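Structure record follows, encoded as structure tokens.
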Amino acid sequence: YLDYCATTPPDKRVLNTFTNVLSSFGYTDTIYVSATKMRFDVHNPAQLQPQRLRRHNVSQDFKDAMNQILATTKFNDLKYIQLVNRGRPGRYIRHNNKLYIIDSNNYSENAFSLGERFVLNMLDQLEGVQNNSLVVIDEIELALHPIAQIAFYNYLNDLAHSKHLTQLLIQQSL
């Protein structure tokens, strides 16, 4: 569904203005995460040749959050491959051009469910969030089972308390 989503990300100038206004309230940073096609960009697995690319470790906190939110243990061997954009502007548009894989079976995020990719991308965006930041998440409930939604809300609340974050969660469903 999201690969064909008509929603577009906010214009960078608008977002920068929004961030500048909010910085006057004392936030150290503003993070806006939205469910758009861009955040769920699908890489062409045929071009990756994963056996030839270096795998990087993912933090244990990141893996634990994935497993806890999605009530599984399948992300214990989660790693990422750093992709390089070779002359194709906009080809890899996710934060830091990471492609996540489950290393034990060479299983990339392209095969993850939409809900798994949603959580993965949210955690990727939130990783390293600064203390006293404002976090705005649009369509937080998208593609998640209600039980996973509750687990994700609990994760966000724990993160907000530990890092003194202000959260603005936007949802369209009632």
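Which of the residues spanning region 125-140 are under 26 Å from Asn76 (Cβ atoms), touching a residue at least 12 places away in the same chain (Cβ under 8 Å) and open to solvent by 10 Å² or more (accessible area, probe 1.4 Å)?
Within region 125-140, Gln125, Glu127 qualify.
I'm trying to understand the selection: among the residues of region 144-159, which are part of a loop (DSSP other than H, G, I, E, B) and open to solvent by 50 Å² or more (accessible area, probe 1.4 Å)? Give the steps one after another, and end with the answer.
Kept after step one, since they are part of a loop (DSSP other than H, G, I, E, B), are these residues of region 144-159: 144-145.
Within region 144-159, His145 is the sole residue that qualifies.
Restricting to region 23-62, name every residue that is open to solvent by less than 30 Å² (accessible area, probe 1.4 Å) and modelled with pLDDT of 85 or more.
Keep residues of region 23-62 that are open to solvent by less than 30 Å² (accessible area, probe 1.4 Å), which gives 30-31, 33-36, 39-40, 43, 48, 58, 62.
Those that are open to solvent by less than 30 Å² (accessible area, probe 1.4 Å) and modelled with pLDDT of 85 or more: Val58, Phe62.
Take Leu168 and tell me if it is open to solvent by 80 Å² or more (accessible area, probe 1.4 Å) and either touching a residue at least 40 places away in the same chain (Cβ under 8 Å) or assigned to a strand (DSSP E or B) (or both). Break it down into steps so the answer makes sense when it comes.
Working: open to solvent by 80 Å² or more (accessible area, probe 1.4 Å): yes; either touching a residue at least 40 places away in the same chain (Cβ under 8 Å) or assigned to a strand (DSSP E or B) (or both): yes.
Criteria met by Leu168.
Answer yes or no: is there a residue in region 94-109 that is loosely packed, with under 13 Cβ neighbours inside 10 Å and modelled with pLDDT of 75 or more.
yes
Write out, first by first residue and then by second, each pair whose Cβ atoms fall under 8 Å of each other, whose residues are 6+ apart or on separate chains, and whose first residue, in region 100-124, is over 15 Å from Ser59 (Cβ atoms) while the second is among the β-branched types (Val, Ile, Thr) and open to solvent by 30 Å² or more (accessible area, probe 1.4 Å).
Asn110/Val42
What is the one condition in (1) closer than 29 Å to Phe25 by Cα; (2) at pLDDT 90 or above; (3) of a type in the set (S, T, N, Q); (4) assigned to a helix (DSSP H, G or I) that Asn132 does not satisfy?
Exception for Asn132: condition (4).
The values are calculated or read from the model by the stated rules, or taken from the named source; none is laboratory data. Since we're looking at a predicted model, the values are computed, not measured. Cβ: placed from backbone, ideal geometry, glycine included. Neighbour counts: every protein chain shown. SASA here: full protein model, heavy atoms, side chains in, ligands and nucleic acids out. Shrake-Rupley method; radii C 1.70, N 1.55, O 1.52, S 1.80 Å.
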